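Here's the structure we're looking at; comments come further down.
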Amino acid sequence: MVFILILTVSNTSVIIHPPGFYIVGFESFPFISVYFIFLAFVYVFSVMFNCLLIYTIAVSHSLHTPKFMAITNLAVIDLVLNSCTIPGMIKIFLIKDNFIPFNLCLVQMFVYYAFAALESYALTILAYDRLIAICFPFRQNSINTVRSMCWIIFASWCFIVGIITFSVSSMTRLSFCNSVRVFSYFCDYAPVFRLACNDYSLQWSASSSLSVLTLGGPFIFILLSYVSILVTVFKMKSVDRRVKTLATCVEHIIVVAIFYIPLLVIFSIGFFSRVVDPEKRVLSLSLASCMPPCINPIVYSLKTKEIKIRTLVLFRKTKANTKF
């Protein structure tokens, strides 16, 4: 492998960047092509359902509310997240073209981590929406407005883009003078910086901080919001009202479980057992990141009454128009 000298750091050292990396996460898996054919179908369904969900909310003025703005935000994030991983995985492991240029590696790393973090924050925003609607029903229209929801979503995007930009740009300070084989299913942050032959303590700190800021913090907020919701619900005298109130949270609880539980299980096993088979870890993480963007729009389409009604209306209008 021929390495390229990119940047002089001081009079005594240089930063060495390779032309690119080789992604080698699934080399020894038997019948791995079947898994990637499955992921191809997952991607098609993800694109179809997320686009349908976005279109339904966009053209239905009755759905232009804070809650459905937050759902649209989640659908857009899901669409980009799967688009940045699954096509690349198919190219790498099914077509057997596993080389990725250095700059493209950083771009993929940025997009994946930015939108994975935004997914976590989107679920947190939806938890905030449920919290305001249930715990402050009389002040909901003044607190949780369309304008305030726009600002919350905008602020979450600015914050995530900022911290991910800093973390990924710090990779340019590393020298790679030994292996360029990345054991993952994409150009993954930690597996890449561990290949560096100079000090990567800054990247290690950034990785740890990102885990807390993008997963730990949002998950704790969601848990606390549901504690508050349960306290409010159990203060209600009518059992029927309790059931109806909790029913409005079902779709959100499902998508939170789909996103967080696999990640928490994987990292918990790694933390307590100390030893996790790298191939099983890569397979589990790839499923954990690829499946939620496909399942989320299906859950919201089937469990949210307003979306079901508007989708059926749109289909009927489309069918009627095609007859004439």
So LYS305 and ASN141, fully extended at 0.36 nm per residue minus their Cα-Cα distance, gain in nm 57.0 nm
Nearest 10, in degrees from 0 to 90: the angle of helix 32-59 to the longest Cα principal axis of the chain is 40 degrees
Filtering trypsin sites (Lys or Arg not before Pro) in the range 193-246 by DSSP loop and by at most 16 other Cβ atoms within 10 Å leaves ARG194, LYS235, LYS237
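By its C-alpha gyration tensor, with a ≥ b ≥ c as the square roots of the eigenvalues, how is the range 179-275 shaped: rounded for a/c under 1.5, else prolate for a/b larger than b/c, else oblate?
On the way: a/c = 3.67, a/b = 2.97, b/c = 1.23.
The shape class here is prolate.
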The chain: relative contact order from alpha carbon pairs under 8 Å, six or more residues apart, as a whole percent, is 26 percent
Relative to the compact-globule estimate 2.2 N^0.38 Å (N residues), the Cα gyration radius of the chain stands at a ratio of 1.12
Rounded to the nearest 10 degrees, the helix 292-303 long axis (Cα) sits at an angle to the longest Cα principal axis of the chain of 0 degrees
In nm, the gap between the two label points placed 7 Å beyond Cα toward Cβ at VAL107 and SER207 is 2.5 nm
The FRET efficiency for LYS91 and GLU27, from their Cβ-Cβ distance with R0 = 22 Å and rounded to 0.05, is 0.90
Trypsin sites (Lys or Arg not before Pro) in the range 112-157 lying in a DSSP loop, each with at most 10 other Cβ atoms within 10 Å of its Cβ, come to ARG139
Taking Cα atoms, the helix 305-323 axis meets the longest principal axis of the chain at an angle in degrees (rounded to 10) of 90 degrees
Heavy-atom accessible area per residue of the range 20-308, all protein chains kept, 1.4 Å probe, expressed in Å², is 48 Å²
Given pairs LYS67/LYS244; LYS91/LYS308; LYS67/LYS308 and cut-off 27 Å on Cα-Cα distance, the over-length ones are LYS91/LYS308
Here, ALA257 and ALA40, labelled 7 Å along Cα→Cβ, have an inter-label distance in nm of 3.3 nm
In nanometres, the difference between 0.36 nm per residue of separation and the alpha-carbon distance of CYS177 and LEU264 is 27.9 nm
Within the set ALA58, ALA127, ALA114, GNM on the chain using Cα springs under 10 Å gives the largest fluctuation to ALA58
The percentage of the accessible area of the chain (probe 1.4 Å, all protein chains present) made up of carbon and sulfur atoms, to the nearest whole number, is 71 percent
Given 181-187, 72-78, 280-286, the highest-first ranking by average Cβ count within 10 Å works out to 72-78, 181-187, 280-286
With +1 on the Cβ of every Lys and Arg and -1 on the Cβ of every Asp and Glu, the dipole magnitude of the chain about its Cα centre, in debye rounded to the nearest 20, is 1400 debye
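If the chain between LYS280 and PHE154 were fully stretched, how many nm would it gain, using 0.36 nm times the residue separation less the Cα-Cα distance?
Extra length from LYS280 to PHE154 when fully extended: 41.7 nm.
The values are calculated or read from the model by the stated rules, or taken from the named source; none is laboratory data. Only a predicted model underlies this, so the values are computations on that prediction, with no experimental measurement involved. With ideal geometry, Cβ positions are generated from the backbone for all residues, glycine too; neighbour counts draw on all protein chains shown. Remember, those area values only see protein heavy atoms, side chains included, never the ligands or the DNA or RNA. Shrake-Rupley method; radii C 1.70, N 1.55, O 1.52, S 1.80 Å.
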